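S.K.: Below you will find the structure I want to go over with you.
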Amino acid sequence: MTTPPVPNRPVLAVRWRAAATLAATSLVGLVAFLWPFLAQPGSGLSHNADAPWLFVLIIALLAALVVAELSDGGLDAKTVAVLGVLAAAGGALRVLGAGTAGLEPMFFLLVVAGRVLGRGVGFVLGALAVLVGAFLTGGVGPWAPFQMIAAGWVGFGAGCLPRASGRTERAMLAGYGLVAGLVFGLLMNLWFWPFLASGAPAGMGFVPGDPVAANLSRYGTFYLATSLGWDLPRGVLTAVLVMVAGRPVLASLRRGTRRAAFGASGTFVEGHGTGRAVDRLER
Amino acid sequence: MTLAHHDYRLPRLLHPAAWWAWAIGLAMAANRTTNPLLLTLIVVVAAYVVAARRELGAASPFGAFLRLGLLAITLRVVFQVLLGGGTPGRTVLFTLPEIPLPSGSSGVRLGGPVTLEGVLAATYEGARLAAVLACIGAANTLASPRRLLRYVPATLYEVGTALVVALTYAPQLVDDARRVRVARRLRGHGGRGIRELARLAVPVLDSALERSLNLAASMESRGYGRSVHRDARSRRQATALTLAGLSGVIAGVYGLLDGSPAPLLGLPLLIVGSVAATASLAVGARRDPRSRYRPDPWATPEWLVLGCGVAAGVLMLVAAQRGVPGMVVQTSPAEWPILPWLPALGVLVALVPAWLSPLPPLRAIGPFDGLQDELQDVGATS
């Protein structure tokens, strides 16, 4: 039997409601990361120790909402199983990589899987992989919602990359992995940077009510001094892994999704006795 | 069903949401103060309840969270000592040799005088974060977040299932990787590094995908594939609530960031938006006909535990709003912290669950040899 043509549809289509929710969540998420620069002097947030905690709760709620909208009616057993197994791989990679100077091989999986399975699955997979890692290490902390959103963005972005193949594709994914690793760190620092407040080193702390440029330059100094050493290895590791292991892993994932035949529907075939339903794509 | 679970003396696991609400209340209390005595009291309360009501044999990440808190304090103090800080101080403890930096590095300095006030401020701020982390660690230990997974609303049912699948398969994946590695070693392909990792990835990923398709087939054969049709009305309701909630949250956040004091914008709008968003999750779940396997009851002990945590949080909130002396310790000039007795009593309310919540079942049986005796007794009598 010849392989039936696989419909070129994303595994998880992003419908308009999911898109609207995702856009709104990304907006609030960006604000949640960037509020130290956005808060006007004299606003409700600028002199408030609770602001970071407030955003933890909002982001947790919105992350749940996005995942619910993305998965609304679109997840069949195959998608659930593949998502689960890939999230398990991501979580295990995260646990393995934790603590070794930012060497997080999880990002490699997110980039590759987001590329193959599309942006919808990419987002859900990123969020789930972080959560699985947190569950496996036994610590769901206030950082989890932020990491979920940020890792979701990494997977989503990988699914949005333009069409390419072969060496070009790998180079593109490697470049994306490098940038994603750096930007992830740049954003993730921001969630705890305001906590440092007056305790931060001179010239590197968040001064509420200061002009944006001043706070930005102080954050830049803080980033260079503390975080770049973690983020650069992460980005480089992702890029190197994509270049070295990208081809077989991409092929393996594509083979797996072709066998799973997502989005295929059974058809009725004429002339088979009583006209029983034959799911052509089952095998 | 009997009403036996209303008897709080019967050993059982408390509803996980109750412990999480208790811990969030206590964390709220910790976030209101920089008084090291109050913060220590909060950590001690959390630790005591963990020691008294932790299920035996369960994983205990509490220690890890405490170490993380200590790390937060240490990092702050080290930063403060090495790089100076925003707190002006007069009492110089000692002076480190200062390394001159090129001009234009925007106020950054390396070394220089270390002041008592700066070190104290760094320690207090770090201690506040450490206390909040300890509360969250207590929640993680008392009620594993995996148990919370059972209570995700039905709108998140599929994703919750994927998460359960992931948690089940993660150890197997690690096992797979180990097996492939041993097999490669036996063939003389030893070695480390990224190239070896890449060779490992493909067989592990292939077998994982294979397994996931088998799992999907077995899920479908057990009726998972049955689609739940939501009627158009509840779908429309959910959509409206989602959109209203999102707009509310966005407008509320904008109001919070904006300096102009508009009474309608800001926190109230944010709260309304969040409630609408939560409601949209619940509305979608309302018509879900799935049943739960052995749900935890929500009875008096749950209300009690929740109430104790919330009471501690609210009492500290009120104390901070009223400006009770001792909630915030002066650092410049440095003064000796005193223990304000009223907020301290409020924190102690959160200690009540250590006695009044039901014992976890394994702990009620006693130490492990006791369990084995009991099993032997059962074997002997039957």
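S.K.: Look through B:Arg67, B:Arg76, B:Arg54 and report the one residue that is touching a Lys or Arg at 6+ places or on another chain (Cβ under 8 Å), within 27 Å of B:Gly313 (Cα to Cα) and of a type outside the set (Gly, Ala, Ser).
M.R.: On the way: B:Arg67 fails: touching a Lys or Arg at 6+ places or on another chain (Cβ under 8 Å); B:Arg76 fails: touching a Lys or Arg at 6+ places or on another chain (Cβ under 8 Å).
Within the list B:Arg67, B:Arg76, B:Arg54, the selection yields B:Arg54.
S.K.: I've got another one for you. With respect to B:Leu13, determine if the residue is over 17 Å from B:Cys135 (Cα atoms), modelled with pLDDT of 85 or more and surrounded by fewer than 24 Cβ atoms within 10 Å (Cβ to Cβ). Steps first, please.
M.R.: On the way: over 17 Å from B:Cys135 (Cα atoms): yes; modelled with pLDDT of 85 or more: yes; surrounded by fewer than 24 Cβ atoms within 10 Å (Cβ to Cβ): yes.
Here the answer is yes, as B:Leu13 does meet what is asked.
S.K.: I'd like the full set of residues that are surrounded by 17 or more Cβ atoms within 10 Å (Cβ to Cβ) and assigned to a helix (DSSP H, G or I), limited to segment B:149-163. It would help to see each step written out before you state the result.
M.R.: Step one: of segment B:149-163, the residues surrounded by 17 or more Cβ atoms within 10 Å (Cβ to Cβ) are B:149, B:152-163.
Scanning segment B:149-163 gives B:Leu149, B:Ala154, B:Thr155, B:Leu156, B:Tyr157, B:Glu158, B:Val159, B:Gly160, B:Thr161, B:Ala162, B:Leu163.
S.K.: Of these, A:Leu131, A:Leu136, A:Leu178, which one is closer than 30 Å to B:Gly137 by Cα, surrounded by fewer than 24 Cβ atoms within 10 Å (Cβ to Cβ) and not small (Gly, Ala, Ser)? Before you say what the answer is, go through the steps one by one.
M.R.: Details: A:Leu131 fails: surrounded by fewer than 24 Cβ atoms within 10 Å (Cβ to Cβ); A:Leu178 fails: closer than 30 Å to B:Gly137 by Cα.
The conditions single out A:Leu136.
S.K.: Search segment A:120-177 for residues being touching a residue at least 12 places away in the same chain (Cβ under 8 Å), closer than 29 Å to B:Ala134 by Cβ and in a loop (DSSP other than H, G, I, E, B), and hand back the single one that is farthest from the other protein chains (Cβ to nearest Cβ).
M.R.: Filtering segment A:120-177 for residues that are touching a residue at least 12 places away in the same chain (Cβ under 8 Å), closer than 29 Å to B:Ala134 by Cβ and in a loop (DSSP other than H, G, I, E, B), the one farthest from the other protein chains (Cβ to nearest Cβ) comes out as A:Trp143.
S.K.: Would you confirm whether or not segment B:321-338 contains a residue that is assigned to a helix (DSSP H, G or I), at pLDDT below 85 and surrounded by 17 or more Cβ atoms within 10 Å (Cβ to Cβ)? Explain how you work it out, then say what you get.
M.R.: Initial filter on segment B:321-338 (assigned to a helix (DSSP H, G or I)): B:321-322.
Among the residues that remain, those that are also at pLDDT below 85 are: B:321-322.
Then drop every residue that is not surrounded by 17 or more Cβ atoms within 10 Å (Cβ to Cβ), which leaves none.
No, because not a single residue in segment B:321-338 is assigned to a helix (DSSP H, G or I), at pLDDT below 85 and surrounded by 17 or more Cβ atoms within 10 Å (Cβ to Cβ).
S.K.: Could you list, in sequence order, all residues of segment B:166-217 that are under 21 Å from A:Leu128 (Cβ atoms) and more than 7 Å from chain A (Cβ to nearest Cβ)?
M.R.: B:Thr168, B:Pro171, B:Gln172, B:Asp175, B:Asp176, B:Ala177, B:Val204, B:Ser207, B:Glu210, B:Asn214
S.K.: May I pose another question? Looking only at residues in segment B:64-78 that are without any contact (Cβ under 8 Å) to a residue 60 or more places away in the chain and surrounded by fewer than 23 Cβ atoms within 10 Å (Cβ to Cβ), which one is farthest from the chain's Cα centre (by Cα)? Write out each step before concluding.
M.R.: Taking segment B:64-78 and keeping what is without any contact (Cβ under 8 Å) to a residue 60 or more places away in the chain, we get B:67, B:71, B:73-78.
Those still in the list that are surrounded by fewer than 23 Cβ atoms within 10 Å (Cβ to Cβ) too: B:67, B:71, B:73-75, B:77-78.
Values: B:Arg67: 15, B:Leu71: 18, B:Ile73: 19, B:Thr74: 22, B:Leu75: 22, B:Val77: 25, B:Val78: 27 Å.
Here the answer is B:Val78.
S.K.: Here's a follow-up. Considering A:Leu62, A:Leu83, A:Leu45, A:Leu75, which residue is at pLDDT 70 or above and over 17 Å from A:Val130 (Cβ atoms)? Show your work before the answer.
M.R.: On the way: A:Leu62 fails: over 17 Å from A:Val130 (Cβ atoms); A:Leu83 fails: over 17 Å from A:Val130 (Cβ atoms); A:Leu45 fails: at pLDDT 70 or above.
Being at pLDDT 70 or above and over 17 Å from A:Val130 (Cβ atoms) holds for just one of A:Leu62, A:Leu83, A:Leu45, A:Leu75, which is A:Leu75.
S.K.: Oh, and also: Going through B:Leu246, B:Leu269 one at a time, which residue ends up being part of a helix (DSSP H, G or I), at pLDDT 85 or above and buried (at least 18 other Cβ atoms within 10 Å of the Cβ)? Walk me through it before giving the result.
M.R.: On the way: B:Leu269 fails: at pLDDT 85 or above.
Every option except B:Leu246 fails the conditions.
S.K.: Can you name the residue in segment B:272-304 that is modelled with pLDDT under 70 and buried (at least 16 other Cβ atoms within 10 Å of the Cβ) and, of all such residues, is farthest from the other protein chains (Cβ to nearest Cβ)?
M.R.: B:Ala285
S.K.: Taking the stated definitions as given, is B:Leu359 part of a helix (DSSP H, G or I) and more than 29 Å from B:Leu116 (Cα to Cα)?
M.R.: Working: part of a helix (DSSP H, G or I): no; more than 29 Å from B:Leu116 (Cα to Cα): yes.
No.
S.K.: Let me ask another. Among B:Gly107, B:Gly137, B:Gly112, which is the only one that is surrounded by fewer than 24 Cβ atoms within 10 Å (Cβ to Cβ), in the same structural domain as B:Ala46 (by TED's automatic domain parsing) and either assigned to a loop (DSSP other than H, G, I, E, B) or modelled with pLDDT of 80 or more (or both)?
M.R.: When all the criteria are applied, what remains is B:Gly107.
S.K.: Based on what the data block shows, is A:Gly235 closer than 20 Å to A:Gly177 by Cα and either buried (at least 20 other Cβ atoms within 10 Å of the Cβ) or at pLDDT below 85 (or both)? If you could, list the steps in order and put the result at the bottom.
M.R.: On the way: closer than 20 Å to A:Gly177 by Cα: yes; either buried (at least 20 other Cβ atoms within 10 Å of the Cβ) or at pLDDT below 85 (or both): yes.
So A:Gly235 passes the test.
The values are calculated or read from the model by the stated rules, or taken from the named source; none is laboratory data. Every value quoted in this text rests on a predicted model; they were computed, and no experiment measured them. Because the Cβ atoms are built from the backbone with ideal geometry, glycine has one as well, and the counts that use them run over all protein chains shown.
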